[in-house]
Amino acid sequence: MKSDASDKPSPQSNPPTPGQSAARQRVSAVPDSWAHANVSARALTCPLIWRHVICNTHCTWLPGDPRGFRNREHRIHSSGDYKSPPPTGEHAGLYTHNLNQSGNRILIPSTVRQRIAEVFANHLRSQGWPVSIASASETHVHALSLLPVDRRQTKRIVGDAKRVASRSVKAEMPGSIWSEGGTYKPVRNIAHYKAAYEYIRTRQEEGAYVLVLQGHDSY
């Protein structure tokens, strides 16, 4: 999946507080007991950066996807992304091939989205990686988290959170849930942080579960 780092806030959104509702979405919050001062000693041994993390479910964003994509190591990528789709049919042949070769699409039922969002975020927090907001929808998880600058280390940390979240819904969703890897967009500045925060809070699909852990000014 190719993701655009220039997330824009919803023009109708107001500065949120933990627990504030978002239209058409289920929103929850927990007490903000994890200030940035509580970053674990292990985390403090490496340079950190806020990242907008996106994890897709299996076979829901394949190479050639009309919404835009990029494959491993950027060997092939489209000219657009999910906000500004590429020209129609740009990689239609590749997409058809992958649809035929892939397994069934994995969709997260509404009944377990809260559990997945909470377990995913709380596992990161339990390991000393602050999370300000997270969401789970039918096909993906979003999170805004303070993570290592080293992308390989971030990938391992997020991979662990994906596995823990998957195990938490094993009874309802046996087998593999997630596609390989994910998107770990570095947050450039405060404005970008607030835009990503608002995107996760207010611009997810209908039925998404949004977990607010810290205010939008927690950069």
Being touching a residue at least 60 places away in the same chain (Cβ under 8 Å), surrounded by fewer than 24 Cβ atoms within 10 Å (Cβ to Cβ) and more than 14 Å from Gly182 (Cβ to Cβ) is the filter here, so list the residues in region 132-167 that pass it.
Ser137, Glu138, Leu146, Pro148, Val149, Asp150
Would you be able to say whether some residue in region 150-163 is part of a loop (DSSP other than H, G, I, E, B), among the hydrophobic types (A, V, I, L, M, F, W, C) and in the same structural domain as Arg113 (by TED's automatic domain parsing)?
no
Output the qualifying pairs, or none if there are none: Cβ atoms under 9 angstrom, residues six or more apart or on different chains, first residue in region 115-126 and without any contact (Cβ under 8 Å) to a residue 12 or more places away in the chain, second residue basic (Lys, Arg).
none
Pairs please, first residue from region 192-219 and at pLDDT below 95 and of a type in the set (Asp, Glu), second anywhere and in a loop (DSSP other than H, G, I, E, B) and surrounded by fewer than 24 Cβ atoms within 10 Å (Cβ to Cβ), Cβ atoms under 8 Å, 6+ apart in sequence or on different chains.
Glu205/Ser137; Glu205/Glu138; Glu206/Arg24; Asp217/Pro15
Mind checking which residues of region 185-219 are closer than 19 Å to His58 by Cβ and surrounded by 21 or more Cβ atoms within 10 Å (Cβ to Cβ)?
Ala208
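The values are calculated or read from the model by the stated rules, or taken from the named source; none is laboratory data. Keep in mind that this is a model prediction, so the values were computed, not measured. Here Cβ is always computed from backbone atoms with ideal geometry, including for glycine, and neighbour counts include all displayed protein chains.
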